[in-house]
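Visitor: The following block contains the structure, expressed as structure tokens.
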Amino acid sequence: MIRTRSLVTVLLCLLLIAFSAPARAHVGSPDVYVEGNAGPYRLSVVVRPPLVIPGVADIELRSQTSGIDRIEIAPIPLTGEASKYPPVPDTMQRPSADSQYFTGHLWMMATGSWQIRFTVHGSQGTGIFSAPVAAAALGTRTMEPGLGLMLALLGILLVVGLVSIVGAAARESQLAPGAEVPPSRRRRAYVAMAVTFVLLIAAVLLGNSWWGAEAADYSHYVYKPLEMQAQLQPGNVLDLRLSDPGWLKQRKLDDFIPDHDHLMHLYMLRWPAMDVVFHLHPESGATGEFRLALPSVPAGEYRLYADVVHENGFPETTVSSIKLPEISGRALTGDDAEGTSIALRQAGEAAQTSTTYRFPDGYSMIWKRPDTLTAKTPYDFTFELRDPEGHPASDMALYMGMLGHAAFVKSDGTVFAHIHPSGTASMAAMMIAQAQNHQAPVAGSTVQNEMGSMPGMSHSALPSMVRFPYGFPNPGTYRIIVQMKHGSVIETGIFDTSVGPARQGQ
Ligand SMILES: [Cu+2]
């Protein structure tokens, strides 16, 4: 059995490449959905990062503006010297008769914080837009048992075959056809077979240890999110300690940059019902330490999802949990938000599908839900805030610089994504990319890039409606937590939905 396993290992050395998946800005939601302007052209972009790094990212683009002749795409590091030297771009294809739908494929060659830069040429001139993409190996994929068994049998066949060929050669190769085999030649054959067998087993064992060493080496590159220890300190202070479980050397705990006004965004959800949700902003203390004076919190087990962004624009979501007693703490202030709802029904139960959420102050939030929701499909999640009379709210305010913030959480906790009107990329990374695009030269044309024109970030006449581009990574039951602000009130609307399997071809 050992022999078989080792043999399989060796045989697979060439076949089995350690599969990896991209790192998550979020948890379990690797695809990037972003929306923005390339000069005069409004683009909706989906980037599906590769399963392997290096690997090929699949890119889909829908233009909301007509008149595009050609779109060029190039992968560029988000920061650093290399970000100034973009490679020769590829041209996107139009796979269908739809002239505003484009697809493309790009190699992502290394782990890190990347952007895909779209250069759009058309009747209104040239514009540039970038989609930040965080890429890192996420794990190794195991072999299917059926394939393993087949390869094991083939391996045994090879060993048996080689041993018997060597045996036959030693025994009979120098005899005339039909001649009797003398006992000395039989003995010689047995010795040759034994030696061959031992050599083969030695080769298999050596191969196995080589493969083991390679796998151990590779495991260093597999993305391990920062870990977080949560502790309740006297005075209702929540103490969060980040630690690095070991990954790439260049990851640091002291290089976080503010992402929409805060170094850390903490979603605290009572688990597993998600009937109490908080969106809070711990303050940083010593390296890797964050502290937060808790507001009043009902007792229970809480799951914590904390978003941080490194200096190079690489976002991470670190997950933890804590059991809290009933806490009567400070009042909510500033950007703090709280929401409550009925318990989420778990997988297997039909999801509540109400599309109206009423707030105590008479306002309500309406989800313009599509008829069907399937995994891997890009949607515009659209929510409207209405005043107590049922009219679109006229006193809308920006919440942390945007019209809205949404978190998509799967009932089993395997998916968590904190999204904005510009999409899934962190705002900090979007800002870095946009600042560069503003300076990026394009041969032979005037580049138009509107700084500060991110969706939902305009300051005049705020609409009562917010849209989030996003697609669910897989089927299941999800809770969507949406925050919008009117006057000085931050409203937290909560919606549930079940999501069907991805449609064919996705
Ligand atoms: Cu946010």
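Visitor: When the range 230-257 is examined, which residues are found to be surrounded by fewer than 12 Cβ atoms within 10 Å (Cβ to Cβ) and within 29 Å of Tyr399 (Cα to Cα)?
Guide: Gln231, Gly235, Asp254
Visitor: Applying the selection to the range 258-281, what residues are open to solvent by 40 Å² or more (accessible area, probe 1.4 Å) and either free of Cβ contacts under 8 Å to residues at least 60 places away in the same chain or away from the ligand (no atom under 14 Å from the Cβ) (or both)?
Guide: Hits for the range 258-281 are Leu263, Arg270, Trp271, Pro272.
Visitor: So if I check each of Leu151, Leu175, Leu200, Leu205, which one is more than 30 Å from Ala425 (Cα to Cα), free of Cβ contacts under 8 Å to residues at least 12 places away in the same chain, over 30 Å from the mean Cα position of the chain (by Cα) and surrounded by 12 or more Cβ atoms within 10 Å (Cβ to Cβ)?
Guide: Within the list Leu151, Leu175, Leu200, Leu205, the selection yields Leu175.
Visitor: Next up: What number of residues within the range 282-314 satisfy the criterion of being open to solvent by 30 Å² or more (accessible area, probe 1.4 Å) and in contact (Cβ under 8 Å) with a residue 40 or more places away in the chain?
Guide: 6
Visitor: Got at least one residue in the range 217-224 being free of Cβ contacts under 8 Å to residues at least 60 places away in the same chain, of a type in the set (Asp, Glu) and not in a strand (DSSP E or B)?
Guide: Yes; the residues of the range 217-224 include at least one that is free of Cβ contacts under 8 Å to residues at least 60 places away in the same chain, of a type in the set (Asp, Glu) and not in a strand (DSSP E or B).
Visitor: Right, something else. Criterion first (surrounded by fewer than 19 Cβ atoms within 10 Å (Cβ to Cβ), modelled with pLDDT of 90 or more and part of a strand (DSSP E or B)) does Ala74 satisfy it?
Guide: yes
Visitor: Are any of the residues in the range 112-120 surrounded by fewer than 24 Cβ atoms within 10 Å (Cβ to Cβ) and under 17 Å from the mean Cα position of the chain (by Cα)?
Guide: Within the range 112-120, one or more residues are surrounded by fewer than 24 Cβ atoms within 10 Å (Cβ to Cβ) and under 17 Å from the mean Cα position of the chain (by Cα).
Visitor: Spot the failing condition for Glu389; the list is (1) within 16 Å of the ligand (Cβ to nearest atom); (2) part of a loop (DSSP other than H, G, I, E, B), and only one is missed.
Guide: With (1) within 16 Å of the ligand (Cβ to nearest atom); (2) part of a loop (DSSP other than H, G, I, E, B) applied to Glu389, the lone miss is (1).
Visitor: Continuing with this model, one more query. May I ask you to verify whether Leu238 is within 16 Å of the ligand (Cβ to nearest atom) and either within 23 Å of Ser321 (Cβ to Cβ) or in contact with a helix residue (DSSP H, G or I) (Cβ under 8 Å, 6 or more places away or on another chain) (or both)?
Guide: For Leu238, the condition - within 16 Å of the ligand (Cβ to nearest atom) and either within 23 Å of Ser321 (Cβ to Cβ) or in contact with a helix residue (DSSP H, G or I) (Cβ under 8 Å, 6 or more places away or on another chain) (or both) - is not met.
Visitor: What pairs come up if the first residue lies in the range 337-361 and is at pLDDT 85 or above, the second is of a type in the set (Asp, Glu) and part of a loop (DSSP other than H, G, I, E, B), and their beta carbons are under 8 Å apart, counting only those six or more places apart or on different chains?
Guide: Final answer for the pair search is Thr340/Asp275; Ser341/Asp275.
Visitor: I've got another one for you. Quick check on my filter: what residues within the range 398-434 are open to solvent by 20 Å² or more (accessible area, probe 1.4 Å) and either basic (Lys, Arg) or away from the ligand (no atom under 12 Å from the Cβ) (or both)?
Guide: Lys410, Asp412, Thr414, Met431, Ile432, Gln434
Visitor: Would you confirm whether any residue within the range 174-192 is at pLDDT below 90, within 30 Å of Val309 (Cβ to Cβ) and out of contact with any Ser or Thr (no Cβ under 9 Å at 6 or more places or on another chain)?
Guide: Scanning the range 174-192 turns up no residue that is at pLDDT below 90, within 30 Å of Val309 (Cβ to Cβ) and out of contact with any Ser or Thr (no Cβ under 9 Å at 6 or more places or on another chain).
Visitor: Going by what's in this entry, would Asp380 be described as open to solvent by 10 Å² or more (accessible area, probe 1.4 Å), closer than 28 Å to Phe472 by Cα, at pLDDT 90 or above and more than 12 Å from the ligand (Cβ to nearest atom)?
Guide: Answer is yes for this residue.
Visitor: So Thr91 passes all but one of these: (1) open to solvent by 10 Å² or more (accessible area, probe 1.4 Å); (2) under 22 Å from Ala137 (Cα atoms); (3) at pLDDT 90 or above. Which condition number does it fail?
Guide: Single failed check for Thr91: (2).
Visitor: Also, I was wondering about something else. Would you pick out the residues in the range 477-499 that are away from the ligand (no atom under 16 Å from the Cβ), open to solvent by 20 Å² or more (accessible area, probe 1.4 Å) and either in contact with a helix residue (DSSP H, G or I) (Cβ under 9 Å, 6 or more places away or on another chain) or of a type outside the set (Ser, Thr, Tyr) (or both)?
Guide: Passing the criteria: Gly487, Val489.
The values are calculated or read from the model by the stated rules, or taken from the named source; none is laboratory data. Given the structure is predicted, the values throughout are model-derived calculations rather than measurements. When we count neighbours, we look across all protein chains shown, and the Cβ atoms used for this are built from the backbone with ideal geometry, even at glycine. Surface areas here come from the heavy atoms of the whole protein model, side chains and all, with no ligands, DNA or RNA. Shrake-Rupley method; radii C 1.70, N 1.55, O 1.52, S 1.80 Å.
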